[in-house]
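Scroll down for the structure; my scribbles are underneath it.
The values are calculated or read from the model by the stated rules, or taken from the named source; none is laboratory data. Since we're looking at a predicted model, the values are computed, not measured. FYI the Cβ positions are ideal-geometry reconstructions off the backbone, even for glycines, and counts take in every protein chain you see. Note: areas computed on protein heavy atoms with side chains; ligands, DNA, RNA excluded. Shrake-Rupley method; radii C 1.70, N 1.55, O 1.52, S 1.80 Å.
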Amino acid sequence: MPRYAMVIDQSRCIGCMACVVSCKRENDVPPEHYRTRVLEMVQGSFPDLTTEMRSELCNHCDNAPCVNICPTGASHHEEDGTVQINRKKCVGCKACVTSCPYNARYINEEHGYADKCSFCQQRLAEGKKPACVATCVGGSRIFGDLDDPQSEISIILRKNSHRVLNKAVGTGPNVYYINQYPKRA
Amino acid sequence: MAFSRRNFLKYAAMSAGGTVLADTPFISAEARAKAEGGNVKYVPTSCEMCFWKCGAVAKVVDGKVVKLEGNPYHPQSRGKLCARGQGGIGQLYDEDRLKHPMIIDGARGEGKYRKASWDEALTLVAKKMQAIAEKYGPESLAMMSHGSPGDYFTNVLKAMGSRNIAFPSFAQCKGIRDVAWELTYGHKPGTSCERVDLENSRVIVLFGTHLGENMHNSQNQEFAEAVGRGAKIICVDPRYSTAASKSSFWLPIKPGTDTALLLAWINIVISEGLYDKEYVEKYTVGFEEVKEAVKEYTPEWAAQETELPMRQIVESVRELCRYAPNVVVHPGRHYSWYGNDTQRARAVAILNALLGTWGRKGGMWLPAKAKFAKFNDDAPAYPPASKPPVIKGDFPFAGGEGVTQVLRDATITGNPYPIKAWIVAGTNLMKALPDQRLTRKAIDNLDLLVAVDLFPTETVMLADVILPECTYLERHDGLYKISTREAGVAIRQPAVEPMYETKPAWWIGSELCKKLGLNDYAVKGNGMDAWEGRMRRQAKAWGLDYDQLAKHTGYVSIPDSEKPYITADNQPVFGTFSEKIELYSDELEGEGFDPVPQYEPVEHPQKGMFRLIYGRSPVHTFSRTVNTQWLWELEKENEVWLNKKEADRLGVKNGQYVVLENQDGVRCNKIKAKVTERIRHDCVYMVHGFGHNAPRLKRANQSGADDQQLITKYIEDPITGGTGMRVNFVKIIKEA
Ligand code: SF4
Ligand code: SF4
Ligand code: SF4
């Protein structure tokens, strides 16, 4: 069984938002909601500035509060390590939405269920990468199987120092960030 | 079948990598649909959310386009589409689209129209065109366009005997640069896409070229690739752009002084002996003259002029030379800045030549080599022009693509002869040309304005007759010659039938020919598949298998056309008179211009005023995508970037709405202030294309501000006629 994860190479992200629109189309995400977004954060003062481009999405946490809190069992772990939502079981109580420290979930008001990034489960089933990864113009999003030591993602994680967001909350995220910005002269 | 080796290798490698996550190689649209079964279709086609024309694949389920993906074979998309490309479905299903022909039913600008049939609308257009041609001569018919529809109306006008055809992409954008490079190398720096080998560059220099925000798919893929590999970026921009955030050297230059920096760099490169001596010797003429001409441009002088630290000026160019020739000074794209822009582009071209980048790995690749058989489908030659066109004005090097504002001026003055009809296809002139007051004045002088477009834009809603085109996802358009490292051919074909009563531009142009009695120039055959028939004949003439293209890959490459670098048996050919790179230009001298660029200072803003600069967003194209659902959702309005210190001084808070007023007292709509450290103190910046004044564009109307409204002043480049549009100054007015 694979164990899926994503790496975000922040130095390669050009903030083009192709991933965001692709995700919305692939997953029919309702207006004004997002399963993934790209934040651009600038620090310093003119002219000594640095930027961080940060793609955020559900971290498919190992120790996921959204799963723990879900009263119906709709939010659950799959065998491939991903966190998924069984829409039929979901009653739209919003417990998971408030429990997620990453603000990764939204309620699909039209259908009344909670929703979030699924790593494009439907595409994985067809042997494709998630939509955001497939179209990432910067090649910043890398997806793969942590259990396969030869996978691109395993190699990248071995070779580069990496971090997860908000490690302190202890949810065990599976989205890793590598951040190698060019050194300034 | 011939297809891209590069892509094939990439995909082969990915599948060999093993796990489930190698995206299924595309192989064939038809095979893919078959594998999925049900009512699924995959249609390879070409994106037209911008002009990059990426190969796309439309997934169609039960007759509805549900997803667009990049075509992995196509060298400009490589399996990916940008945000706009992904959002193309939003354009197709936008309820604000033009739906049927309309004829004006009131005064111009009132917005009152009545619905008409195609027959009525086209008969009216033809009758009016004929009457105007009879009264004033065919030369009084003109056309302005952008993108694919233009070709079909160029055909109509030429068949009528007019050559007054102009494209804003020349004088309002990249034409200036193209002319400069043609003068220097005898070639443009690329036809649709720049021939920059970013993927292999060690150092990339960008002058006001904000890759990342300026979203040209494959070029950005290569840019990110270069950054990921650790290539050095030198970014010259008064604004800390996305590209600047990736750079080793960000040079926050004083706007308008780029040529000073370039000339000082050229001086350093020569005086420190850092240029490629062999290359210069072998491929260029005029080195000594350049050496002489740049002597006075010292780093000290440039530091003062550009307000950059001298150390930064010197160190950045030394870094550039250290890795030459595997480096490139990007030729740039939108070039109409200050009215002396050809000389800036010449300086860039000269610097590249001194570093030996043309034909070098990581520099500029050589034009792909491919010959296509001539194909005109037995259409007769066009009649000669009734009168010489006005489109070049007094500009000796204005190209054949025409200077739009010259056409506009002639329409206003009637000099040298009256211009009485415009066909405007696929361009929103009110937002493309500087000084909207003049554009409006010219339009008021017309007896006939015909608009061919998808949406009820400002310009469309001034037309006498509106002809609704269908979107790129609903039409055949052409076999496109692609010229990247390799040459190839791509197809555009419909994923679904045209919605409402919209029609492809080829059909509109062809029917218009028939109504004008110009049957020989109409598309052969009747019905909606006539153009496809022509495409098939064209494929045959070019020796291509049409079905392979249409049903399977959407792109085929021309074998052995890829020879990007100089080798002993692959020497560059320069189309100049000397057949060398002309560092010193006799041609320019012959017309009384500086044969080697000289520095001309520009006017700077007075205290309390800011220079207005503008640029692009990665999720929008010009003013034409703001209404598109998912793109609008991501960026509904533009913001004006204002330096933090200046904002504090003015008491403007981040996110507060302000109004800008320019030197001529013209004000824009209210716009949100983005108070930021990312821009110099003496300029403000906004993304172009917002601030629509088009009530029928429900989402886009009145959102954000229109930079073009504030560009009431422009300075024409004397060499090409390009309109320098960064010469307007604004003050900031806090909203009451
Ligand atoms: S990021 Fe939030 S929604 Fe996703 S698994 Fe973790 S806690 Fe749950
Ligand atoms: S598609 Fe890739 S490069 Fe573009 S914003 Fe998303 S993560 Fe960044
Ligand atoms: S760059 Fe984007 S909008 Fe332009 S043709 Fe390519 S995918 Fe379409």
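Table for the structure above
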read-out: Number of the exception - B:Glu69 against (1) touching a residue at least 24 places away in the same chain (Cβ under 8 Å); (2) within 13 Å of ligand 3 (Cβ to nearest atom); value: (1)
read-out: Segments classed as helices (runs of 4 or more DSSP H), wholly inside the range A:1-99, with at least 2 members that are of a type outside the set (A, V, I, L, M, F, W, C) and crowded, with 23+ Cβ neighbours inside 10 Å; value: A:18-27
read-out: Filter pass, A:Arg25 being touching a residue at least 40 places away in the same chain (Cβ under 8 Å) and farther than 13 Å from A:Lys116 by Cβ; value: yes
read-out: Members of the range B:209-222 that are more than 16 Å from B:Lys174 (Cα to Cα) and within 7 Å of chain A (Cβ to nearest Cβ); value: B:Gly212, B:Asn217, B:Asn220, B:Gln221
read-out: Residue within the range A:19-28 that is more than 9 Å from chain B (Cβ to nearest Cβ) and among the polar types (S, T, N, Q) present; value: yes
read-out: Selected residue (only one of A:Val7, A:Val67 is away from ligand 3 (no atom under 16 Å from the Cβ), more than 10 Å from chain B (Cβ to nearest Cβ) and touching a Ser or Thr at 6+ places or on another chain (Cβ under 6 Å)); value: A:Val67
read-out: All positions within the range B:238-284 that are touching an Asp or Glu at 6+ places or on another chain (Cβ under 7 Å) and open to solvent by 20 Å² or more (accessible area, probe 1.4 Å); value: B:Lys254
read-out: Complete set of residues in the range A:47-64 that are within 14 Å of chain B (Cβ to nearest Cβ) and within 16 Å of ligand 1 (Cβ to nearest atom); value: A:Arg54, A:Ser55
read-out: Selected residue (only one of B:Gly691, B:Gly724, B:Gly651, B:Gly655 is small (Gly, Ala, Ser), in contact (Cβ under 8 Å) with a residue 40 or more places away in the chain and over 26 Å from B:Leu433 (Cβ atoms)); value: B:Gly651
read-out: Condition check for B:Pro396: at pLDDT 95 or above, in a loop (DSSP other than H, G, I, E, B) and either over 17 Å from B:Ala171 (Cα atoms) or open to solvent by 20 Å² or more (accessible area, probe 1.4 Å) (or both); value: yes
read-out: Hey, A:Val137 within 14 Å of chain B (Cβ to nearest Cβ) and within 16 Å of ligand 3 (Cβ to nearest atom) or not; value: yes
read-out: Every residue from the range B:615-661 that is of a type in the set (Asp, Glu), surrounded by fewer than 18 Cβ atoms within 10 Å (Cβ to Cβ) and either under 23 Å from the mean Cα position of the chain (by Cα) or part of a strand (DSSP E or B) (or both); value: B:Glu661
read-out: Breaking point among (1) more than 13 Å from chain A (Cβ to nearest Cβ); (2) within 25 Å of A:Val42 (Cα to Cα); (3) within 16 Å of ligand 3 (Cβ to nearest atom), for B:Val619; value: (1)
read-out: Enumeration of residues in the range B:676-696 that are more than 11 Å from chain A (Cβ to nearest Cβ), assigned to a loop (DSSP other than H, G, I, E, B) and over 12 Å from B:Lys431 (Cβ atoms); value: B:Asp682, B:Pro695, B:Arg696
read-out: A:Arg105 among the basic types (Lys, Arg) and within 15 Å of ligand 1 (Cβ to nearest atom); value: yes
read-out: Strands (runs of 3 or more DSSP E) lying entirely in the range A:101-162 (those with 1 or more residues that are more than 29 Å from B:Val57 (Cα to Cα) and touching a Lys or Arg at 6+ places or on another chain (Cβ under 8 Å)); value: A:106-108, A:113-115
read-out: Residue match in the range B:222-237 (condition: of a type in the set (A, V, I, L, M, F, W, C), open to solvent by 20 Å² or more (accessible area, probe 1.4 Å) and either more than 25 Å from B:Gln76 (Cβ to Cβ) or under 19 Å from the mean Cα position of the chain (by Cα) (or both)); value: no
read-out: Complete set of residues in the range B:223-237 that are more than 10 Å from every other protein chain (Cβ to nearest Cβ) and either touching an Asp or Glu at 6+ places or on another chain (Cβ under 7 Å) or not in a loop (DSSP other than H, G, I, E, B) (or both); value: B:Cys235, B:Val236
read-out: Residues of the range B:538-565 classified as over 27 Å from the mean Cα position of the chain (by Cα), surrounded by fewer than 21 Cβ atoms within 10 Å (Cβ to Cβ) and farther than 15 Å from B:Lys481 by Cα, total; value: 4
read-out: Test for B:Leu98: is it under 22 Å from the mean Cα position of the chain (by Cα) and either more than 16 Å from ligand 1 (Cβ to nearest atom) or more than 14 Å from chain A (Cβ to nearest Cβ) (or both); value: no
